[in-house]
Amino acid sequence: MKKKLLYIFAFITTFLSAQESYYSDVNLQLTGLALKNALATKITNTHTKFLDYTPDVWIASKITDVNPNNANEVLLIYGFENGTDSNLDNDRTRGINNNGGSTTNWNREHVFPRSLGNPNLGTVGPGADAHHLRPSDPSRNSSRSNRKFGRGSGNSGFSSLDFHDGLDGPNTAAYYPGDEWKGDVARMIMYMYLRYGNQCLPSAVGVGNNSNTPDDMIDLFLRWNVEDPVSDFERARNTYHENSNNTAAQGNRNPFVDNPFLATRIWGGDSAQDTWGIYTTNDTEAPSIPTNLSISNINFTSFDVSWTASTDNEAVTGYDIFVNNVLTKQTTTATSVTITDLTPNTTYAVSILAKDLKNNKSAKSTVVNAKTLEDTLPPSAPSNLNSSNISDTSFTISWTAATDNNQIASYDVYVNGIFNTNVQTLSASVTGLTPLTSYTSYVISKDTSGNTSPQSASINITTVAAGTGVATELFISEYVEPNGGNNKAIEIVNLTGKTINLAGYSLQKQSNGGNWVDNLPLDKTEFIVQGSSANILPNDVFVILNAGASNSKLTSNADLVVPSNQDAPYKYASPVNFNGNDPVGLFKNGVLIDIVGELNNSSNHIKDVTLRRNGDVSGPNTTFSERGEWTSFPENTFDGIGSFTSTLNVNNIKTFKDVKIFPNPADGNKLFISSLDNIKADIYNVLGKLIRRENISSGTNSIHLKDLQPGVYVIKLISGSKSTSKKFIKQ
């Protein structure tokens, strides 16, 4: 006993003298997420000085990123060439005072791109954290943009191995930072994840797999942390920022620069360098092979695996579980695990190996085979089919969920005996129909084994009649370009007399009167506001809004909002970020059909103005004629957004001039309509179903809303052959 106590005392003494003093109040014997949380608390509590992006980050970079071989230069991340060739963007160094935005300068690279944070990292807090900001060549910085990192070798450039859904679409190439910089990148991403949590997920900035880690850390960065050891350059940056008395220093450190093995203790994987020497020794003895492997609770898509713990001369720190010779799970001290996402009626081979602190690995255990259960029982048929939102060209069908001995995967919807769509929800929208036509629909359920149910009972739905329109095509009815800020909007009107689905329609802008750029599909599901749809009802409008808009008139009438923190081509809410010298076009199937602004005109001819289409315009025009087709209103005029009154073939247009509906949004049970004339008021939901018809006069000037669900509605006001439509919101 006495000898053992002396040994422990000697170990602790060595341990404490070897570790960084910064971590003296952190229990470094923790592992996994407990260690992650302890380190996160430490770097957060010591982050006592928050830098300003300008000028603090410039100041810090000129101190922390100085070329060790030339104090008049800074090192450029992703750079690799000594400056003797004709290319500037691959240079490894640049003059220390040549900071700025031109091609001969250096600028600040957010290694964790601001736009990939959730929410956007901005220019304060995480967006100005110097631990992930590095000097970079402006062109190479721009080329990387916000591409995720991916595998590669050699110098920096686009990955030919990994792709993601990014600024170039679904097959955007990932970016490889270069052999010299990949470890730096990995440790910066690890720091950002510790410091800012789910705002800076590693999976958001790298292409990799997190199935073998206890959280969102991915294998890519763990691998780079091992393959590219810490440099003295990184250590010097860390030491500078710990001392908050230094100019533009934060007060905290990056733990993974101090000891890369901390990442191994938290997330597993191959052993990184243990710069403190407190975790790894000269131990070369592997743990014993796990024994008594057994498989139980076998189901259709899962089973449990358990085994007897291994032994080691120091300590067993984890187990790797292989299914069909593929690493599928990892544990620390646990000796059981559940394997999921399997295929029914399939045989799987399972084996396990044990690991110790230095990542010595045992041989794999004896293989044990298990076969998942076979699923031959079909699910029940969906029931209680209902129809809703019936318009001239569409309807919605809904049903009660089917049941199954395993798991329902999806539903097939049939219309007139023909397959129409497959959904994983309990409703589906059917579009592209013919007005005044009867349709028969039924639904079939499918389970995860591919078994199908009998068809449900059928339901008959008849579409409503289409109205008589005065136009043959959609066109832009209003353009809002404010004096400063992002209260920018485009309104499109439907005067065709029938419901129009926006598939195939898009907006683009001519950037500074140049090329058409940033095609925005108007049926982009993730941008459509809840309560709106990709259909425009007859005499209704569709409002496209910049996400930075704050005016309540604009936001309450928005149908599609373009976020400002998306990847290109919608970066900064483009194309709805026009600035008065960007003509805006409405396109159909890639062909320009309408325009605001003169084609190819780069002057500020549509700046600081609201333009509203005249009521006698009957269709789109690719030749902009402000005097002939538009009425100009002063900057920051928003009161016309959300409705459009057509005056075609109307001799007396006075009827709707002074009609107002209020309150809007309606927060009570009544909607008031001010009118001196007798008019009819039809209320439609957003998919075109007529819900209510009322007669309005000076004596009966309100509509009861008590039985309406909260949402967006359209009220169509009719007087003789004239009509206008306005949106309102029931809260």
Only residues in segment 46-62 that are in the same structural domain as Gly127 (by TED's automatic domain parsing) and under 11 Å from Asp129 (Cβ atoms) count as the first member; pair them with residues that are basic (Lys, Arg) and surrounded by fewer than 16 Cβ atoms within 10 Å (Cβ to Cβ), Cβ under 8 angstrom, at least 6 apart or cross-chain, and list the lot.
-> none
Residue set Asp341, Asp375; condition crowded, with 19+ Cβ neighbours inside 10 Å and touching a residue at least 40 places away in the same chain (Cβ under 8 Å); output residue Asp375
Among the residues of segment 397-425, which ones are part of a strand (DSSP E or B), among the hydrophobic types (A, V, I, L, M, F, W, C) and closer than 24 Å to Ser302 by Cα?
-> Ile408, Ala409
Working only within segment 122-144, note down all residues that are part of a loop (DSSP other than H, G, I, E, B) and either modelled with pLDDT of 90 or more or charged (D, E, K, R) (or both).
-> Asp129, Asp137
Listed residues Ser453, Ser477; which is crowded, with 17+ Cβ neighbours inside 10 Å and in contact with a Phe, Trp or Tyr (Cβ under 8 Å, 6 or more places away or on another chain)?
-> Ser477
Identify all residues within segment 291-303 that are surrounded by 16 or more Cβ atoms within 10 Å (Cβ to Cβ) and more than 16 Å from Ser351 (Cα to Cα); write none if there are none.
-> Phe300, Thr301
Selected residue (criterion: modelled with the lowest pLDDT) from residues of segment 304-319 that are crowded, with 20+ Cβ neighbours inside 10 Å and in a strand (DSSP E or B) = Thr317
Among the residues of segment 103-151, write down those that are among the polar types (S, T, N, Q) and either touching a Pro at 6+ places or on another chain (Cβ under 7 Å) or not assigned by TED's automatic domain parsing to the domain that holds Lys62 (or both).
-> Thr103, Asn105, Asn107, Asn146
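Residues checked against (1) under 30 Å from Pro435 (Cβ atoms); (2) of a type in the set (A, V, I, L, M); (3) within 35 Å of the chain's Cα centre (by Cα):
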site	(1), (2), (3)
Asn325	no, no, yes
Asn345	no, no, no
Ala381	no, yes, no
Phe395	yes, no, yes
Can you spot a residue in segment 429-437 that is surrounded by fewer than 17 Cβ atoms within 10 Å (Cβ to Cβ), among the small types (Gly, Ala, Ser), under 30 Å from Asp616 (Cα atoms) and not assigned by TED's automatic domain parsing to the domain that holds Leu592?
-> yes
Number of positions in segment 250-286 that are of a type in the set (Asp, Glu) and more than 35 Å from the chain's Cα centre (by Cα) = 3
Closer than 22 Å to Ala286 by Cα, at pLDDT 95 or above, of a type in the set (Val, Ile, Thr) and surrounded by fewer than 17 Cβ atoms within 10 Å (Cβ to Cβ), is that true of Val350?
-> no
Residue satisfying condition, being under 30 Å from Ser115 (Cα atoms), assigned by TED's automatic domain parsing to the domain that holds Val517 and surrounded by fewer than 16 Cβ atoms within 10 Å (Cβ to Cβ), within set Asn589, Asn577 = Asn589
Please give the helices (runs of 4 or more DSSP H) falling wholly within segment 182-249 in which 1 or more residues are over 32 Å from the mean Cα position of the chain (by Cα) and in contact (Cβ under 8 Å) with a residue 40 or more places away in the chain.
-> 232-242
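The values are calculated or read from the model by the stated rules, or taken from the named source; none is laboratory data. All of these numbers come straight from a predicted model, not from anything done at the bench. A quick note on method: Cβ atoms are made from the backbone with ideal geometry, for glycine too, and the neighbour counts reach across all protein chains shown.
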